[in-house]
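Enquirer: I am attaching a structure below and will ask some questions about it afterwards.
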Amino acid sequence: MDRKARAITERASANRIPGYLTLGLALAAAGAAVTAGCHPTGYPAVDYLYVAVLAGVVTLAASLTPRGVLLVVAVVGVAFSRGWLLIPGLVAVAGAFACALPVRAHRPAAAAIGAVEIQVILRWPAFGFHGLTALVAGAAVTALFLGAWTNLGSAAQRWLGAGIGVLVLVAVVVSVPALAAAYRARAAADSAETSAKSALSEIEAGQAPQAAGHLRTAGSEFGIAHDRADPWWSWGAVLVPVVAQQHHAVAALTEAGAALAREGARQAAAIDFHGIRAQQGRVDLAAVEALTPPLEDLQNQISATLKVAADRDTGWLLAPLQHPLKRLSSDLTRADQSIDLALQASRQVPTLLGAEGEQHYLVMFMTPAETRGLGGFLGAYAEVDVDQGRLTVARTGQPKLLVDPSRPPKLTGPADYLARYGAFDPQGHLEDVSYSPDFPSVAEVLAQLYPQVGGDRIDGVLVLDPYALGTLLQFTGPITIPGFPEPLDSANAAQILLKSQYLISEPGGQQGRHDLLEAALSVGFQRLTSSSLPAPKALGQAMGADVHQGRLLFWSSNPDIEALINRLGLRGQFPAPPAGPSDLTAVTIANAANDKLDAYLTQRTDEDVTFDPSTGAIQQSVTISLTNTGTAALPYYVSESYVGSGLPLGTNKTWVSLYTPFAVTGASLNGQPVAMGPATPEVGVNAYSIFVTIPAGATDVLRVTISGQTQRGPDFSDAVRLQPLANPSSTVITVRPTDGWRPVDPQPASWTTGPDQIQTHTWKFTK
């Protein structure tokens, strides 16, 4: 070979080396890209192929694109990177800048920059609105491709353009059948959704057997929808990004819906909540336990369907699919919560009803005619024993007669209860242990004291007031109290036990009134434990208002049962302040004169809050208005205070307590400065108290100023705990932001509470 030929061969060989390096970099980039976790179609095999091809092509394009374009793309890559991605991003920028300096471009170096940059782009974190990073990535890759296009020869451009056109045409051709299939499936899917929604509502209402028919219909319709949405001739859609995700979502959701409906229809017949009821004072525990397996199976299927829905909710779904998916997820989540509660009950109720050994429950009758922090003093009690589902009233009486003054029981906690109420000698007066507004604290005290005064060990405590007893009488019918002229029924129980009984002549005086309370509780629970009661759902609906208002409470010493009680809203725990920028306000009154005038007392609280969203600073004024509608003409037992009080007849003396997480800075009573405090820590907040004396027919106004610091932020939440009084109380809260902030329109500044004991309202502000 002559010298000239040898030189040509050597140059050709030298030119091939950069090409081999560039190709090797493209292959390496393709291999690394499959670990990025990108899902353009939702089908793993296709996704791996697409991202690998994309990474390889971008690497090759980078070797041909102008160096200025390469530098700009590298800078964009850094701008959208976070964390460790900044390191390779900055390396790519440095490399692109270095490549821009030489006169001649070095293609393997540019390819290396492209290989690194595509790895960064494929791993960008979510940023801004959904799809923003994808749009920017598409723009960056397109810029590289267009830059490379300008450096291709005309023949290569023609071939490449033709190839792109063919790919677009194929994408359109394979997408049309999938869209047509989805359209064919829509009617059946809509019908299935309607039937499933009806079934889920019936399950939530405790009517699972009635739901079976709707579930069978839903299963059939979902099956039809799946067959129509996923025929073999639509499978080509898996090759088209975004379209593949729509196709996959329809196919997967209709298949999951059919499976859920079939499983639900199979289990519904076994989930008969209406079969769980007390018959002649006994609950069939085997029927309760039999609910667990079908509930578990149904919950597992709901969870599996929710997972399918979550996996398909990629954010790339079009509105006709995304909206039904959101509705389905919402309905399933609600049904899952109902099933989970029923499942928890089926596991714990047998233990509650003595399946694992006899249980002893203390029932306390609380009357707000003489208030305490929980609601009222404890006028009567009953001990109810439960064994293998059989309920028996073992003992009734008056709490005040349980304690032998010569041998008082010992009380060792809770610590904050003792610190605040120990001076009142609660262990010597069981009728007064309801000082605290936190029912678990009160129940723990009763569980300690009752066995020391002759009672059995206590596994749980139930408290109810005249309103709750009246509701229970809906199921027992009227009860006759020995020595009382008229029967108690659901319509008159509260009125008689709070007021009327004190207005008629009764042999025995004060003791006769306590005897009536004891008799009402004893006769009522004897009737309850020997009657047939409705199914749990009907019972819960009837008692719902009493539970929400804190008039029916239950505590268990068993932590698992206590968790169920908490979910049912029966626990009566004092609320914690809401998370974030927030406040908590609770006002309680406790009768300090041993009369029954609280049946004639009304309370209203007005709270005016100034909140600084920038700093979290709070300034508030709380106005507590107490109106005594009692008179001296009321019977002696109602209107007279304890001996030696010196109070005129009809005068209401009460111990007012204000609970807040912040500090009281001042107080006035009827316009005159008064001292309120010092603060006593209780149930996680500060309690401030003062004695207030309200003459007959008068209104006393207590105003308290409070200052504090919460979290800063544009939203402010205020929680309120209302005391279950004889006459329902209300609280009006007005929240205003500091200068520079305003409410988000059309939001009113003031909010008035409803009847529920614990409520929270949130205000939103903006600059």
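The values are calculated or read from the model by the stated rules, or taken from the named source; none is laboratory data. Everything numeric here is computed off the predicted structure, so don't read it as measured data. Cβ coordinates were reconstructed from backbone atoms using ideal geometry, including for glycine residues, and neighbour counts include every protein chain displayed. Heads up: the accessible areas ignore ligands, DNA and RNA and are worked out on the full protein's heavy atoms, side chains in. Shrake-Rupley method; radii C 1.70, N 1.55, O 1.52, S 1.80 Å.
Enquirer: Take the solvent-accessible surface of the protein heavy atoms, probe 1.4 Å, and return the percent of it on the chain that carbon and sulfur atoms account for.
Expert: 60 percent
Enquirer: A further question follows. Hey, any idea what the orientation-averaged projected area of the convex hull of the stretch 32-99's Cα atoms comes to, in nm²?
Expert: Numbers: hull surface 19.8 nm².
If I average the Cα hull's projected area over directions, I get 4.9 nm².
Enquirer: Moving on to the next point. Under a plain spin-label model, where a point goes 7 Å from the Cα along Cα-to-Cβ, how far apart in nm are A545 and L341?
Expert: For the pair A545/L341, the computed spacing is 1.9 nm.
Enquirer: Go through K410, K653, K326 and list them by solvent-accessible area, largest first, probe radius 1.4 Å.
Expert: The residues order as K410, K326, K653, largest area first.
Enquirer: First obtain the Kirkwood hydrodynamic radius of the stretch 544-585 from its Cα pairs, then insert it into the Stokes-Einstein equation at 20 °C and 1.002 mPa s, and state the resulting D in µm² per second as a whole number.
Expert: Taking Rh from Cα pairs, D becomes 185 µm²/s.
Enquirer: Right, something else. How big is D, in µm² s⁻¹, for the stretch 369-458 by Stokes-Einstein at 25 °C and 0.890 mPa s if Rh is the Kirkwood radius over C-alpha pairs?
Expert: Reported coefficient: 180 µm²/s.
Enquirer: Run lengths n ≥ 4 of DSSP H only: what is the helix-derived mean residue ellipticity at 222 nm for the chain, with -39500 (n - 2.57) per run over all residues, to the nearest 500?
Expert: Working: 19 runs with 349 residues, N = 767.
Taken over the chain, the calculation gives -15500 deg cm²/dmol.
Enquirer: Just the C-alpha atoms of the stretch 429-562: what Rg/Rh do they give, with Rh taken as the Kirkwood radius? Please report the intermediate quantities before stating the final value.
Expert: Numbers: Rg = 15.9 Å, Rh = 16.3 Å.
That ratio equals 0.97.
Enquirer: Two-decimal Rg/Rh of the stretch 380-422 from alpha-carbon positions, Kirkwood Rh?
Expert: 1.14
Enquirer: While we're on this one: Please compute the volume of the convex hull spanned by the alpha-carbon atoms of the stretch 242-283 and report it per residue in Å³. Walk me through the intermediate numbers first.
Expert: Numbers: hull volume 2.6 nm³, N = 42.
That works out to 62 Å³ per residue.
Enquirer: Which value in Å does the Kirkwood hydrodynamic radius of the stretch 479-630 take, with 1/r averaged over all unlike C-alpha pairs and then inverted?
Expert: 19.8 Å
Enquirer: So how do H214, H548, H248, H360 rank on accessible area, 1.4 Å probe, biggest first, that is with the largest at the start?
Expert: Heavy-atom accessible area, descending, gives H548, H214, H248, H360.
Enquirer: How large is the translational diffusion coefficient of the stretch 248-315 in µm² per second when you combine the Kirkwood radius over alpha carbon pairs with Stokes-Einstein at 20 °C and 1.002 mPa s?
Expert: On the way: Rh = 13.8 Å.
D, rounded to a whole number, is 156 µm²/s.
Enquirer: So what does the Cα-only Debye profile of the stretch 151-240 read at q = 0.19, 0.20, 0.24 Å⁻¹, as log10 I(q)/I(0), no solvent term?
Expert: -0.84, -0.88, -1.02
Enquirer: So which trypsin sites (Lys or Arg not before Pro) in the stretch 82-163 are both in a DSSP loop and have at most 16 other Cβ atoms within 10 Å of their Cβ?
Expert: R82, R104
Enquirer: Dimensions of the stretch 182-224 along principal axes (Cα, Å, largest first)?
Expert: Per principal axis, max minus min of the Cα coordinates gives 35, 13, 8 Å.
Enquirer: Rg and Dmax in Å for the stretch 626-746, alpha carbons only: what are they?
Expert: In Å, with Rg to one decimal and Dmax whole: 18.3, 58.
Enquirer: Give the ranking of D489, D284 by solvent-accessible surface, highest area first, calculated with a 1.4 Å probe.
Expert: D284, D489
Enquirer: List the equivalent ellipsoid semi-axes of the chain in whole Å, largest first, each obtained as the square root of 5λ for an eigenvalue λ of the Cα gyration tensor.
Expert: They are 72, 35, 21 Å, listed from largest to smallest.
Enquirer: For the stretch 417-476, with only Lys/Arg (+1) and Asp/Glu (-1) charged at the beta-carbon, what is the dipole magnitude about the Cα centre, in debye rounded to 20?
Expert: Working: 2 positive and 8 negative charges, 8 e Å.
The calculation lands at about 40 debye.
Enquirer: Once the whole set of protein chains is in place, how much accessible area is left on E640, using a 1.4 Å probe, in Å² to the nearest 10?
Expert: The accessible area of E640 comes to roughly 60 Å².
Enquirer: Jot down the per residue volume, in cubic angstrom and as a whole number, of the convex hull over the alpha-carbon atoms of the stretch 682-733.
Expert: Measuring per residue, one finds 150 Å³ for the Cα hull of the stretch 682-733.
Enquirer: Within the stretch 123-205, which GluC sites (Glu not before Pro) sit in a loop by DSSP and count at most 14 neighbouring Cβ atoms inside 10 Å?
Expert: none
Enquirer: How big is the stretch 50-207 in terms of Cα radius of gyration and Dmax, in angstroms?
Expert: 22.9, 81
Enquirer: In square angstrom, rounded to the nearest 10, how much accessible surface does V172 have for a 1.4 Å probe?
Expert: 80 Å²
Enquirer: To the nearest Å, what is the center-to-center distance of the stretch 253-296 and the stretch 351-366, using C-alpha atoms only?
Expert: 25 Å
Enquirer: While we're looking at this one, here's another question. Using a 1.4 Å probe on the protein heavy atoms only, what accessible surface does V76 show? Give it in Å² to the nearest 10.
Expert: Its accessible surface works out to 40 Å², give or take rounding.
Enquirer: In addition: What is the sum of charges around G646, taking Lys and Arg as +1, Asp and Glu as -1, for the other residues whose C-beta is under 14 Å from the C-beta of G646?
Expert: -1
Enquirer: Can you tell me what percent of all Cα-Cα pairs in the stretch 326-388 are more than 13 Å apart?
Expert: Considering the stretch 326-388, 74 percent of its Cα-Cα pairs are separated by more than 13 Å.
Enquirer: Moving on. Report P(r) for the stretch 112-195: all Cα-Cα distances, bin width 5 Å, range 0 to the bin holding the largest distance, values in whole percent.
Expert: All Cα pairs, binned at 5 Å, distribute as 3, 11, 11, 12, 13, 15, 13, 9, 5, 4, 2, 1, 0 percent.
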